[in-house]
There are 2 protein chains.
Amino acid sequence: MGFDTLKDEDKRYIRSIVSSERFSTGESNLDLHSRDMSGHRASRPEAVVWPKERAEVSRILRYADQRRIPVTAWGAGTSLEGNPIPLQGGIVLDFSQMDSILEIRPDDFQADVEPGVIYKDLNHKLRHTGLFFPPDPGAGATIGGMIANNASGIRTVRYGATKDNVLRLVVVLANGEIIEIGNRASKTSSGFDLLHLFVGSEGMLGVVVEATLRLVGLPAEFASAVATFQTVEDAGKAVFDIIGAGLDPAALELLAPECIDLINRQKNLGLHISPTLFMEFHGPTRNHLTEVMGIAEGLCREHDCREFRPGLDREERDRLLEARYALGDMIRQDRPGHVRISIDVAVPISAYPEMIAFAREAARKAGAGAAYTFGHAGDGNIHLVIETERGNREAWQRIKEANRSVVHKALALKGTATGEHGVGIGKAQFMEAEHGRSLEWMKKVKQLLDPHGILNPGKMFP
Amino acid sequence: MGFDTLKDEDKRYIRSIVSSERFSTGESNLDLHSRDMSGHRASRPEAVVWPKERAEVSRILRYADQRRIPVTAWGAGTSLEGNPIPLQGGIVLDFSQMDSILEIRPDDFQADVEPGVIYKDLNHKLRHTGLFFPPDPGAGATIGGMIANNASGIRTVRYGATKDNVLRLVVVLANGEIIEIGNRASKTSSGFDLLHLFVGSEGMLGVVVEATLRLVGLPAEFASAVATFQTVEDAGKAVFDIIGAGLDPAALELLAPECIDLINRQKNLGLHISPTLFMEFHGPTRNHLTEVMGIAEGLCREHDCREFRPGLDREERDRLLEARYALGDMIRQDRPGHVRISIDVAVPISAYPEMIAFAREAARKAGAGAAYTFGHAGDGNIHLVIETERGNREAWQRIKEANRSVVHKALALKGTATGEHGVGIGKAQFMEAEHGRSLEWMKKVKQLLDPHGILNPGKMFP
């Protein structure tokens, strides 16, 4: 694809669409939109625009499409695979000013939102309704970013990923056309499912300007526990048994000892430095949860659980959850001069213990520096962060090799290269191995919806 | 689209792919594949083929694509909107001989199946694993047919529709190409979601030859109840309250008095002839279910529930469920000389009482003959069957008018023209009103994947 750079007249025209305060070519704004939270190389856009209305988005896209100018949508920049880095320059559409919660319909368990709404703000706003939007990516993500990446997180094991909780979208296509997809009914068999084509498409097929989200009721009761094990593999086996027993956890998180050590150091938590499972159950009554917790403890004990500590109070639970959410940040902050790769594979649950063992061995063999294993274990999702000091090219090569071997192992186990971070820049290299011939059809769908390839170019396809 | 008819040489070639026993142009076979369970006019194919392997499907499609011969996939013929009626003749691919359960992986809560597997047979086979495939369309549908229509049913209110329980597909495209989509991980953010594009596409984008299904654990305990009301609208309000209270029913079925009367007559059940809710809850313990049932009863009483009968034993529950499953058949058999329209709208749950009242009034105004209101109330899904004696053209016009007004009312309430039956022939007229401009993009996707339009032509698009 040959793209054009932004000429002065382009800038004038685009500025005229959104007004001067919402258009910038200033260095600091370009810098702020040149990187996400991954280690991928920064790449600056030529201009940043803050749209407030779908009509503005439509006009900008129509113009950019005619002029062959790349356009990349931007949420909060919290993605972990370079997903919104504007590799080819052009325009970044920053949705932070298009952040209204348009309507909450508690009777229908639904909310209509603009893409710039911050996930945490939405749930804060919802708390008085007794409802919440569950996909829970942890980071300060926007709803638009979550939809783009089909984000998921700690609660997904029970409540599904973003794709399971979106009912309707308004999307601006590359040519500026605005289409509405889906409806407010809780189920439909009407027409081809274009909705799920846009969820997880990383801003490459269209730009979401409104979404109707499915909400769920806050649980009447919850119960949390921490279990510590002799080995990470034992913890993995307990995960498999807890899921297999149908206990339906609302969180089932694995933390290897190095993660616990880091959390202790940074959050002063005084946890036992061992392979650890954090689990939470939601239910209608306390009795029910006591019973479930008893079964979970029994299963953990069968795998040489050292300590099983149920009955965390709300404060203790919140501190642990907060530490889990912040783990990625802590890893980044612990060694600021380091570079790292975040692995995000997911495998069928029976392969989880094998996948963990393989991943840790790969990290050990890379011998490059610190490595952290953790993940949404209940979904078969493993994160492995391997890092080394910036500039150590030899170690960096070994880390990249470890990354490749872990992803190919996940694919051999019939899993996926990315459970929740999306493809972005870093996973593009695995798409052919994962999708085979269907990758060609993804390219054709891209060509159909974005014939000039202006939307977030350079991503996903190797 | 100009299609060609089957010439003798075409028949010879296709017969050579599958062998003579699995190829027929016999009258009775053509007749058997000319109609489904709807009232839509029969239309015969020119040949019926029973493939056993994906390679056969691939060769047939490649040939048919080159020769511009229509190909329509066929499951069990239980659909309700003419979905598999071969409107343009050509070849019907009957999957009844491609019906192997390829692998059950209880540890992963998954099964790999061929499309001809009958839904009920799969669950029968699974019963010893403690797992089941939940979408539950009621009829003797095949898995392939369920995927084609994104079928759902009585259990969907808790366990989701077919689209929520499919992880991976092998699809033969119109050009004969075989692609594999998805993987065995329970979640993924890898690439565009082509999987959901094929689920619910009614055999118009490709032909599914294998699927990996997500299974769920059988509940440890269940509890059922029957509640009778003064009016259907009261029952509708109770539905709204039960869903709103987050009681998470595993079934919440509405049956208007005329349905109860029919069930009593045909199944000798002796139920009270009143507007009735059948509900079921699944849970881990009896105590929990007793508590939930108490809340449900309280909510029903608030809407002048006449009788609330909890604690049905398994036999009683099974008889009721069986009667509910058979209701469509009973209606058809009760007046064999009649023709009827099955309405299948779904609306946001808060609009359910209004939608019911409107639908019943529309049926009353049509004044054409018997009308039956029932549905998967917990999903906001309403079925209204209106019938009249064959040949009464004037009454038939009024029924069609009632159908149109009910669907347009559902769309005005931000619902959908079809909650679970699919578009087929009967709903095509509403697609423009429901989807607006996104319908054009559905057509473009069709054009991309099936450029000669050979797959199930004449459906979905008005």
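The values are calculated or read from the model by the stated rules, or taken from the named source; none is laboratory data. Values in this document were obtained by computation on a predicted structure and should not be read as measured data. Neighbour counts run over all protein chains shown; Cβ positions are idealised from the backbone, glycine included.
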Flagged pairs (Cβ under 6 angstrom, 6 or more apart or on separate chains; first in segment A:383-409, assigned by TED's automatic domain parsing to the domain that holds residue A:367; second among the basic types (Lys, Arg)) are A:385/A:340; A:387/A:340
Would you confirm, using the coordinates I've provided, whether residue B:222 is more than 7 Å from every other protein chain (Cβ to nearest Cβ) and of a type outside the set (Ser, Thr, Tyr)?
yes
Looking at residue B:218, is it at pLDDT 95 or above, touching a Phe, Trp or Tyr at 6+ places or on another chain (Cβ under 9 Å) and at negative phi?
no
Any chance segment A:156-174 includes a residue that's of a type in the set (A, V, I, L, M), in a strand (DSSP E or B) and more than 23 Å from residue B:441 (Cβ to Cβ)?
no
Could you please give the count of residues in segment B:3-17 that are surrounded by fewer than 19 Cβ atoms within 10 Å (Cβ to Cβ), touching a Lys or Arg at 6+ places or on another chain (Cβ under 9 Å) and under 16 Å from residue B:72 (Cα atoms)?
2
Those residues of segment A:116-133 which are within 13 Å of residue A:145 (Cβ to Cβ) and either part of a helix (DSSP H, G or I) or of a type in the set (A, V, I, L, M, F, W, C) (or both), in sequence order:
A:117, A:118, A:119, A:120, A:122
Unmet criterion (only one of (1) buried (at least 24 other Cβ atoms within 10 Å of the Cβ); (2) in contact (Cβ under 8 Å) with a residue 40 or more places away in the chain; (3) within 12 Å of chain B (Cβ to nearest Cβ)) for residue A:170
(1)
Somewhere in segment A:128-150, is a residue among the hydroxyl-bearing types (Ser, Thr, Tyr) and within 10 Å of chain B (Cβ to nearest Cβ)?
no
Which fully enclosed helices (runs of 4 or more DSSP H) of segment B:338-449 have 3 or more residues being more than 11 Å from chain A (Cβ to nearest Cβ) and buried (at least 22 other Cβ atoms within 10 Å of the Cβ)?
B:352-366, B:393-412
Matching residues in segment A:177-211 (part of a loop (DSSP other than H, G, I, E, B), within 17 Å of the chain's Cα centre (by Cα) and facing chain B (nearest Cβ under 7 Å)) number 3
Quick one: which residue in A:42, A:64, A:111, A:47 is touching a Ser or Thr at 6+ places or on another chain (Cβ under 7 Å) and buried (at least 20 other Cβ atoms within 10 Å of the Cβ)?
A:47
Go through (1) in the same structural domain as residue A:316 (by TED's automatic domain parsing); (2) more than 30 Å from residue A:96 (Cβ to Cβ); (3) of a type in the set (Gly, Ala, Ser) and name the single condition residue A:251 misses.
(2)
Note down all Cβ pairs under 8 Å where the first residue falls in segment A:97-116 and is more than 14 Å from chain B (Cβ to nearest Cβ), the second is among the β-branched types (Val, Ile, Thr) and part of a helix (DSSP H, G or I), and they're at least six residues apart or on different chains.
A:113/A:143; A:114/A:143; A:115/A:143; A:115/A:147; A:116/A:143
Collect the residues in segment B:277-298 that are closer than 19 Å to residue A:246 by Cα, touching a helix residue (DSSP H, G or I) at 6+ places or on another chain (Cβ under 6 Å) and in a strand (DSSP E or B), keeping them in residue-number order.
B:281, B:283
Which one of the conditions (1) farther than 30 Å from residue A:51 by Cα; (2) at the interface with another protein chain (Cβ under 9 Å from one of its Cβ atoms) does residue A:227 fail to meet, given that it meets all the rest?
(2)
Within segment A:18-33, does at least one residue satisfy the condition of being aliphatic (A, V, I, L, M), in contact with a strand residue (DSSP E or B) (Cβ under 9 Å, 6 or more places away or on another chain) and surrounded by fewer than 18 Cβ atoms within 10 Å (Cβ to Cβ)?
yes
Quick check: anything in segment A:97-107 surrounded by fewer than 18 Cβ atoms within 10 Å (Cβ to Cβ), of a type outside the set (Gly, Ala, Ser), out of contact with any Lys or Arg (no Cβ under 8 Å at 6 or more places or on another chain) and part of a loop (DSSP other than H, G, I, E, B)?
no
Scanning segment A:28-81 residue by residue, the ones that are in a helix (DSSP H, G or I) and either of a type in the set (A, V, I, L, M) or touching a helix residue (DSSP H, G or I) at 6+ places or on another chain (Cβ under 8 Å) (or both) total 11
Given (1) without any contact (Cβ under 8 Å) to a residue 40 or more places away in the chain; (2) of a type outside the set (A, V, I, L, M); (3) not in a helix (DSSP H, G or I), index of the condition residue A:274 fails:
(1)
